[in-house]
1. For the subset of segment B:32-55 comprising residues that are surrounded by 13 or more Cβ atoms within 10 Å (Cβ to Cβ) and among the small types (Gly, Ala, Ser), which member is modelled with the lowest pLDDT?
2. When you look at B:HIS54, is it more than 16 Å from the ligand (Cβ to nearest atom), away from chain A (no Cβ under 11 Å), on the phi > 0 side of the Ramachandran plot and not basic (Lys, Arg), yes or no?
3. Of all residues in segment A:97-116, count the ones that are exposed (fewer than 15 other Cβ atoms within 10 Å of the Cβ) and more than 16 Å from A:VAL133 (Cα to Cα).
4. Any chance you could count how many residues in segment B:8-27 are more than 30 Å from B:ASP42 (Cα to Cα) and touching a residue at least 60 places away in the same chain (Cβ under 8 Å)?
5. Take segment B:56-65 and flag every residue that is within 28 Å of A:ILE142 (Cβ to Cβ), within 13 Å of the chain's Cα centre (by Cα) and open to solvent by 20 Å² or more (accessible area, probe 1.4 Å).
6. Restricting to segment B:1-31, and then to whatever is open to solvent by 70 Å² or more (accessible area, probe 1.4 Å) and more than 14 Å from every other protein chain (Cβ to nearest Cβ), can you tell me which residue is farthest from the chain's Cα centre (by Cα)?
7. Does A:ASP54 satisfy the criteria of being in contact (Cβ under 8 Å) with a residue 12 or more places away in the chain, on the phi < 0 side of the Ramachandran plot and open to solvent by 50 Å² or more (accessible area, probe 1.4 Å)?
8. Scan the strands (runs of 3 or more DSSP E) fully inside segment A:58-176 and keep the ones with 2 or more residues being within 20 Å of B:CYS9 (Cα to Cα) and without any contact (Cβ under 8 Å) to a residue 24 or more places away in the chain.
Amino acid sequence: MNAPVTSVDRVSIAVLPPVARFNLRIAPVDLKKASAAFGLTLPGKIGQGARNGDRAAYCIGPDEWLLHAAENDQDAVVAAFEVARAETPHSLVVISDRELTIEVKGPAAAELLTVGCPLDLSCIAVGRAKRTVFDYAQVTLIRDGEDAFRVEVWRSFFPHVHGLLKNARREFAVGF
Amino acid sequence: MLLIHCPYCDDTLPELEFAYAGEAHIDRPKDPSALSDEEWRDFLFIRTNVKGIHAERWRHINGCGRFFNALRDTVSDRFFTTYKAGEARPDTTELEAAG
Ligand SMILES: [Zn+2]
């Protein structure tokens with residue numbers, strides 16, 4: 001999607017290019033098998049993230065992970081888990097098109113997110129992720145840096161969440 | 001806003017991430033057709049409506065997705081503890097004695 005990048009000095013908002021996304025449900029005892037299939041050690045505790053190049057994994061429930069891979073790798077990831085199915089029952093759902101990712105970056109990034117997110121963002125360490133809520137819309141929030149976040153939002157909620165962030169950024173720009 | 005501790009996430013988080021789900025520890029009858037209409041009515045609708053410490057279900061719907069149980073004072077809204085689904089209700093005799 002070629003959405004415009006809006007930016008003032010303190011915070012910018014951008015819509016990121018598509019990635020392959022998966023929702024994985026698997027018994028925690030079989031996590032090693034999932035890690036082998038995905039080519040990345042999946043984190044074991046809710047909130048933790050792991051990243052290596054294009055591949056990323058975030059634990060968002062007791063037996064639930066959000067996986068990211070390069071868009072072109074989608075079929076390969078599905079095929080790898082298809083092989084693992086012989087050893088461990090699990091569910092791998094391709095959710096690449098279900099969500100869009102908004103990048104929020106800059107010294108005021110966390111402050112901008114507080115417009116719709118009730119979390120104490122200082123409690124989310126860099127590299128971690130959390131499913132939460134942004135003004136009634138469920139989102140997954142990923143912290144990439146002190147001043148850098150990604151918000152993954154379901155497509156149908158995107159205009160609302162993106163619009164709110166843009167409006168708030170404009171208010172920041174005029175000094176509210 | 002209430003802050004609620006999710007026993008699965010092991011984190012204390014804003015109420016907006018959670019949904020209330022009614023009184024806890026109400027087992028579905030194993031053989032519903034063996035029940036009288038009154039018993040079935042009681043199972044479906046009759047709750048303790050306690051004034052004081054209430055065991056209740058919550059779901060961390062905008063988080064890990066799990067149902068869990070909580071002990072909350074219905075007068076003060078204070079949460080005493082939360083615990084995983086399937087665990088026994090914690091003993092609250094002392095709490096109740098303390099009023
Ligand atoms: Zn939780």
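The values are calculated or read from the model by the stated rules, or taken from the named source; none is laboratory data. The structure displayed is predicted, hence computed values, not measured ones. Ideal geometry is used to build each Cβ from the backbone, glycine not excepted, and the neighbour counts take in all protein chains shown. Side chains are part of the model used for accessible areas, which takes the heavy atoms of the whole protein and leaves out ligands, DNA and RNA. Shrake-Rupley method; radii C 1.70, N 1.55, O 1.52, S 1.80 Å.
1. Of everything passing the filter in segment B:32-55, B:GLY52 is modelled with the lowest pLDDT.
2. Working: more than 16 Å from the ligand (Cβ to nearest atom): yes; away from chain A (no Cβ under 11 Å): yes; on the phi > 0 side of the Ramachandran plot: no; not basic (Lys, Arg): yes.
For B:HIS54, the condition - more than 16 Å from the ligand (Cβ to nearest atom), away from chain A (no Cβ under 11 Å), on the phi > 0 side of the Ramachandran plot and not basic (Lys, Arg) - is not met.
3. 3
4. 1
5. Correct list: B:ARG59 only.
6. So the residue we want is B:ASP31.
7. Judged against the criteria, A:ASP54 is a match.
8. Working: elements: A:64-69, A:90-94, A:99-105, A:129-134, A:137-145, A:148-154.
It comes to A:129-134, A:137-145.
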